Every structure is written in C-alpha cells, then in structure tokens.
Amino acid sequence: MSNSPFSLLILLFYTIFVSAHPPEDTIYTLRVPTLEETSFDNLLSFGYYHKSCPLFESILHRKVKEWIQKDYTLAASLLRLHFHDCSVRGCDASILLNHDGSERTAQASKTLRGFEVIDDIKEELEKHCPRTVSCADILTGATRDATVELGGPYWAVPYGRKDGLVSIAKEAEMVPMGHENITSLVEFLQSKGLNVLDLVVLSGAHTTGRASCGSIQHRLYNYQGTGRPDPSIDPKYLSFLQRKCRWATEYVDLDATTPRIFDPVYYINLKKKMGLLSTDQLLYSDPRTSPIVSALAAAPYVFKHHFAVSIAKLGNIEVLTGQDEGEIRTNCNLINAY
Ligand code: HEM
C-alpha cells in the first residue's frame, strides 16, 4: 500500500508543493516508508479467513457500524483499545482478558472503553464460525472499520493473530499516559518497532475522542511546581479548560475544533497551542517532531495516507502466529478452559 503509484504521486506532489511554499521558511519532506518497514514478515495474510469464515469482515463491518451509529464516541474508544492492546505483549487481545491482575484492571486502563463491541462481534462470529476468528483479529479489524466510520482512511488488514494467554496489570502501566517527555515516547514506540514519524502520525488519532480531566489537571494550575499553568496552552483555551475541568472525572475533547471528524485539524490545533495533553503539545515544541507536525497540518491526504501505514505497522507488533503460540478464545474476556 505504502508504495502504490497513487500514494507515491501524492507524496511527490506534496513534496513539490511544500518546496514551493515552505511553511515558516523551512522545507519539510516526509520520507516514504520502505517496503521492509511496512511488509508483514510473519504469517499474517489477507485471505486468512476467506475459507474458514467468509462472513467475518461483513459481520465485523455491520456490527461496528451499528454500534457507532448508536454512540459515535465508541469509534475513538476502539482505536485506543487497539493501541493499548498492541503496546503490551503485542496485538494479542491481552487487554480484553478480565481477571484479577490482568492489564484491563491496571490504573492505565481505567478509562478504556469499547469492550462490549468486541464481545458482541465475537458472540456473532461464534455462531457462524465457532473457534475460528481470534479476538486479536476482531479488535484490529474493528479499529480499521471504526476509523473509516469517522471519515478516516481504509487499510487492508492482514489476519491470523492468535490470542495471548498472559495479561499482567503491571505491564499495562508502561503504556504512555500523557505526562511523558518526547524522549520517553520515542523510546517506548521504538521498543515496539515504530519510529518518530509513526509517533507523530499515530498521535493524530487524538483528532477524535476525549480525555478525562484527571489527565490534564497537572497543566491547569501548578505546572511542574511553578504555581502557574502550563505556558504552552493558549490563554483562551486555558480558561475554557479550567472551567470545564472542575472535577477530575469530567471529560474534554482531545481535538478542540472538530472532535467527530478524522482530520488533520489536531495538528493545526497544536500550532495554535491548543493541544489537550501535554504529550500532544510537546510534539510541536520538540525539534524532532515539530517539522512533522507542520507538514501534517498542511496536508490532509498525507496525514490519512501515513496514518494507514503507521496503524498497519501498529497492528503487526509482536503478533502470535506460530502453531504452538496462543489460542483462539471462544470468549474474549477469558482464556479457554479446555
Ligand atoms: C504515544 C503516545 C500516546 C499518549 C501519551 C496517549 C495518551 C492518551 C491519554 C492520556 C488519553 C486520555 C485518557 C483519559 O484521560 O481517559 C488518550 C486517549 C485516546 N488515545 Fe491516546 N495516547 C497516545 C497514543 C495513542 C495512539 C497511538 C492511539 C491510536 C492509534 C491513541 C488513541 C487515542 C484515542 C482515540 C483516545 C480517546 C479515547 C476515547 O475517547 O475513549 N493514542 N490517549
């Protein structure tokens, strides 16, 4: 996908455009990922369920659409669930296991939502093709369909992930929670095989969804012990947030302008000092990431194209595909008893 003539054409056009109109006197270019970076060098494949569960993708699509039509906020929740799943022990649905001390019970998982969507899809699939489709594949495919529902890009998802047998709350606490500096974010993603471009592009998922006020209160009054708010917040936006966040349990949109649409306005907001999480806003002040923010803010198609590339990489992290690895759960919340 990343090297298709169409995408290359877009990038070529974009590079020429940016060279002709350099924003703020700087020329930014986005490198096209190489085939090696985006290829699936494991046993995932695009036709994996064609014979064993031909209805898989149509059931998936119908269910995701139904849920999102009832509650569009679930689309963002599925995206985040997928990120948290793949961040710990790879994309193995370990985040879905619901037992004492599992990832799902960690503090970092407290505001994760969307579990019921995956359970519902799984229940339906068990009727049509029992013990065939893994929960890890369901979550990965549902994330793609949810993104499309919001107006985001489509990407072909290769399948064949098995479900993991291990889920440990302590490991889930390693997932970034919005207080980190850019170096820790880069290092965290690097440990998963993702690079700085992936970090900035995937943070663009914050074009939708919300954060609890608890995640940003440290920015509002006494930032880093200064007794003052975070100076990188626009004053009007700051007073809006101070009014909105009287209680830690309230929620605020991650994209202050177009929260329901999958667009690059998230990056435009960062340039206006209107990033909600400090980790979002830092992307625009760090020299490793700010040129990428500027480039993505200027080009909607480049953002969507790269999002598809980076999230496909995310969905490929440490997947279990071997004969003796993992299992196909019959209930996404529990390891099989037999
Ligand atoms: C790498 C750095 C990242 C950090 C520090 C981060 C942090 C956060 C935080 C703190 C929240 C709000 C949680 C709350 O207060 O309830 C959040 C929400 C969200 N995150 Fe991230 N995130 C990161 C990457 C990602 C990635 C890679 C994705 C998906 C590809 C993603 C998708 C989302 C979405 C969609 C929401 C909104 C969820 C909802 O509305 O239910 N994030 N993130």
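From the list Leu165, Leu112, Leu139, the lone residue that is away from the ligand (no atom under 13 Å from the Cβ), more than 19 Å from Val201 (Cβ to Cβ) and in contact (Cβ under 8 Å) with a residue 12 or more places away in the chain is Leu165. Taking the criterion of being more than 21 Å from Ala211 (Cα to Cα) and within 15 Å of the ligand (Cβ to nearest atom), the only residue of the stretch 58-87 that qualifies is Val64. Is at least one residue of the stretch 144-159 closer than 17 Å to Gly326 by Cβ and crowded, with 19+ Cβ neighbours inside 10 Å? Yes, that holds for at least one residue.
When you go through Leu185, Leu189 one by one, which is the residue that is in contact with a helix residue (DSSP H, G or I) (Cβ under 8 Å, 6 or more places away or on another chain), closer than 22 Å to Ala146 by Cβ and within 9 Å of the ligand (Cβ to nearest atom)? Give the steps one after another, and end with the answer.
On the way: Leu185 fails: closer than 22 Å to Ala146 by Cβ.
Step by step, each of Leu185, Leu189 is checked, and only Leu189 is in contact with a helix residue (DSSP H, G or I) (Cβ under 8 Å, 6 or more places away or on another chain), closer than 22 Å to Ala146 by Cβ and within 9 Å of the ligand (Cβ to nearest atom).
Number of residues in the stretch 169-178 that are more than 8 Å from the ligand (Cβ to nearest atom) and farther than 22 Å from Leu96 by Cβ equals 0. The set of residues in the stretch 242-265 being of a type in the set (Val, Ile, Thr), outside any helix (DSSP H, G or I) and surrounded by 16 or more Cβ atoms within 10 Å (Cβ to Cβ) consists of Val252, Thr258. Of the residues in the stretch 129-139, at least one is closer than 22 Å to Thr330 by Cβ and among the small types (Gly, Ala, Ser).
Okay, residues lined up against (1) of a type in the set (A, V, I, L, M, F, W, C); (2) over 16 Å from Leu199 (Cβ atoms); (3) at pLDDT 95 or above:
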| residue | (1), (2), (3) |
| --- | --- |
| Lys271 | no, yes, yes |
| Leu277 | yes, no, yes |
| Ser285 | no, no, yes |
| Ser290 | no, no, yes |
| Ala299 | yes, yes, no |
| Glu318 | no, yes, yes |
| Gly326 | no, yes, yes |
| Arg329 | no, yes, yes |
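The values are calculated or read from the model by the stated rules, or taken from the named source; none is laboratory data. Everything numeric in this text was worked out from a predicted model, so none of it was measured. FYI the Cβ positions are ideal-geometry reconstructions off the backbone, even for glycines, and counts take in every protein chain you see.
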